Each structure stands twice: as structure tokens, then as C-alpha cells.
Amino acid sequence: MNTLLLNDNDEDISIACKILNDGGLVAIPTETVYGLGANAFDKNASKNIFAAKGRPADNPLIVHIAHLSQLDEIVVDVNENAKKLMKAFWPGPLTIVMKKSDNIPMEVSAGLDTVAVRMPSHSVARKILDRCKLPIAAPSANTSGKPSPTTAKHVMDDMNGKIDAVLDGGNCVVGLESTVVDVTDEVPRLLRPGGVTYEQLCEVLGDVIKNYEFKDGEIPRSPGVKYKHYAPKAQVIVVKGDFGKYINDNANKYNKVGILCHSDFNAPKNCIVKSMGRNPKEYANTLFAHLRGFDDEGVDIIFAEDIDDKGINLAVSNRLYKAAGYKFAK
Ligand code: TXA
Ligand code: MG
């Protein structure tokens, strides 16, 4: 298959909509990461998403909408907590898990009786959703297990030849996936930290259960949490404590070392240093691109400086720890 690279002009957006209406796959930009989109009502199109990504069939997809009126076709109940979240954070980087309607195929919800719904704020995503008049099922547009794509080039690196088109809408501003909240229980559950912070959720909802850590033997509420995620080719090790000392003591054991940091220090010559930036927003925005960048540089190992879990850093550290397979050093 020849994958078309489209731009964000009107003509190309119309081409993307035609492909989606015909049951094809188009990667689209959103404010969080690029999504691999298909008609959410079309079970065959959804199956093709799983095939292109190599995604386990039990990991459900997020359904994207442009207007609240579309909810009627997708969910059977919008409760008070869901309404509060929509009012506070939509359009934006928040996904809400609700009871699904029969219109959503089991392929999309991976057999669950719930569906995850998000209204993105990205202008190109909104134009596409508006024009194709469909809810779009879209997971992140990476090969399963790899870091999520934050540029059209990242998508092409993974999906060229496997999908119909990639629509280039520039860099994603948030850079990490949406926050996922399940509101089907009395007390809402945070299933994945993301662009909307835990603190912001608590302000709107009061109590929120943190439910994104997965222990072996448990059945996770969000199937996605049990899979290896965001991993570059080289092993990532998260360093707690004195980062500079750890690097000085350990970098010489390897040929080429990737360093992911947010503070300044002098690294030995065999290190490739990538700074995550000056503030948590930048950390979120640069993390996945840096992890992919280390693949391009062919480093032997990646040492990453640990970060706290305040605000959006909760999402950054969550992705970093997963990328490291929870491997820590002191
Ligand atoms: O920012 C984002 O959310 C991006 C953009 C494209 O919207 N999408 C994204 O999709 O990150 P994906 O498939 O990579 O992650 C979706 C997560 C998975 O962890 C999945 O298990 C969870 O949401 N999820 C989806 N439907 C669910 C459901 N019904 N119940 C619980 N978790 C669900
Ligand atoms: Mg993903």
C-alpha cells in the first residue's frame, strides 16, 4: 500500500475525509499525539487499525467526536460526573469512559460494555471530524509498544505502507496522550494520567481514585496498562538520586550512552544528551520525540533523570517508567 502524505489544507482534508468515509485508515494530528483514525461505526475499519499497529485485540480504542450531540449515538448514559468533566475540559486532552451504545462495535470497545470518548481541540482534528460527519476511532498512531508519535514523520516511520494516509498537522502541543477517566462507578477512576492533571480532575470531581498502576495477577480497568509501552530500542534506566554522580560512575561501561535530563551537568564524551526542557510542559512535549531520537542515534543504553509526580509530571513519569519497564537505579 502506498501511504499518502497529506497537508492541512482544505483539499487534503477533503481527501482524508473521503478515505475515512470509504472505510480507510488516516493518521490525524491531535493536540496530544497523532491518532490512527477510522470510522468508529465500521468494525472492519477498526480491525484494520489493530492490524496496522500490531495491537492486542483486547485493548480498546478511543472514539473522537467534534460535537456533544454525537454522544447520543455512542453512549447510553452521560451522568453528572461526565457532564462536569465535559464542561471543564472539552474540547481537550481528556478521555471519558462511559457505558457504550450498541452502535459501537465490540471490535472498538474490545468486548467491554464501555467506550472511551474524547473531543479533541486540535483545529485539524476538528475539521476532519466535522467534515466526515463520523465519530473516529483512533489509538495513538505508533506501532504497538513504541513511543507515541508527536510528528507526521514519526507516524510515517512506523506506518508507511500500512495505512492509507497521514495528515501532517505539525507538532502536537501537549506531546503525551490524553488523561483517561472512567465515570461509570460512583467514584471516578483515573485510568491513565495525561494532559489534564490529577489535581485539575479533583477540583472538578472531588474524589478521584488513582487506578493506573497495574500489578501482576490483577485484571486492569484499562486494558492498555498491562502492555509494554513507549519503549525505544535501548533499555531505559530511570536514575533516582544524584544523576551526575551516577552518570560519571556508569557511562564508561558502555560505548554510546543516551542521557535524558532536565538539569544541567557535564556529561562524559560518549554520551548523547537530550534535555527535556525547562518546565513540565516542555518535558511532556519532548519525551516521546527524544525516546525516538535515541533509536535514530543507536545508543546502547539510556539513563533518564527521575522527575516528581506533580501536575503533568505525573503523566511524564508514568510514560518514562513504562518506557523503562520500571527499571530504576540509585
Ligand atoms: O491522546 C490520546 O488519547 C490519543 C489521541 C490519538 O486521542 N489516543 C490514545 O489512544 O492514546 P491509545 O489507544 O493509544 O490509548 C487508549 C487508552 C488505552 O490505554 C486503552 O486501554 C484505554 O485508553 N481505553 C480505551 N477504551 C477504554 C475503555 N472502554 N475502558 C477502559 N480503558 C479504555
Ligand atoms: Mg497508545
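The values are calculated or read from the model by the stated rules, or taken from the named source; none is laboratory data. Just so you know, these numbers come straight off a predicted model, no measurement behind them. Cβ coordinates were reconstructed from backbone atoms using ideal geometry, including for glycine residues, and neighbour counts include every protein chain displayed.
Quick notes on this structure:
Residue-wise test of (1) modelled with pLDDT of 95 or more; (2) surrounded by fewer than 16 Cβ atoms within 10 Å (Cβ to Cβ).
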position	(1), (2)
Cys202	yes, yes
Asn211	no, no
Lys233	no, yes
Asn250	yes, no
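- The set of residues in region 113-135 that are out of contact with any helix residue (DSSP H, G or I) (no Cβ under 8 Å at 6 or more places or on another chain) and either assigned to a loop (DSSP other than H, G, I, E, B) or acidic (Asp, Glu) (or both) comprises Asp113, Ser121, His122, Asp130, Lys133.
Conditions (1) in contact (Cβ under 8 Å) with a residue 60 or more places away in the chain; (2) in contact with a helix residue (DSSP H, G or I) (Cβ under 7 Å, 6 or more places away or on another chain); (3) more than 21 Å from Glu31 (Cα to Cα), marked per residue:
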{"site": "His290", "(1), (2), (3)": "no, no, no"}
{"site": "Val316", "(1), (2), (3)": "yes, yes, no"}
{"site": "Ala324", "(1), (2), (3)": "yes, no, yes"}
{"site": "Lys330", "(1), (2), (3)": "yes, no, yes"}
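- Hits in region 1-29 (condition: in a loop (DSSP other than H, G, I, E, B) and within 17 Å of Ile49 (Cα to Cα)): Met1, Asn2, Thr3, Asp22, Gly23, Gly24, Leu25, Pro29
- Boolean, Leu176 is in a strand (DSSP E or B) and of a type outside the set (Val, Ile, Thr): no
- Residue list for region 74-85, filter: surrounded by fewer than 18 Cβ atoms within 10 Å (Cβ to Cβ) and in a helix (DSSP H, G or I): Glu80, Lys83, Lys84
- Residue check, Leu201 away from ligand 1 (no atom under 14 Å from the Cβ) and of a type outside the set (Ser, Thr, Tyr): yes
- Residue satisfying all of: in region 158-182; among the charged types (D, E, K, R) and within 16 Å of ligand 2 (Cβ to nearest atom); farthest from Gly195 (Cα to Cα) among these: Lys162
- Screening Asn255 with (1) without any contact (Cβ under 8 Å) to a residue 40 or more places away in the chain; (2) over 30 Å from Glu107 (Cα atoms); (3) loosely packed, with under 15 Cβ neighbours inside 10 Å gives one miss only, at (1).
- Residue satisfying condition, being farther than 20 Å from Asp8 by Cα, modelled with pLDDT of 95 or more, away from ligand 1 (no atom under 14 Å from the Cβ) and not β-branched (Val, Ile, Thr), within set Lys153, Lys162: Lys162
- Criterion applied to Pro188, Pro193 was being in contact with a strand residue (DSSP E or B) (Cβ under 8 Å, 6 or more places away or on another chain), within 16 Å of ligand 2 (Cβ to nearest atom) and within 22 Å of Val97 (Cβ to Cβ), and the one residue passing it is Pro193.
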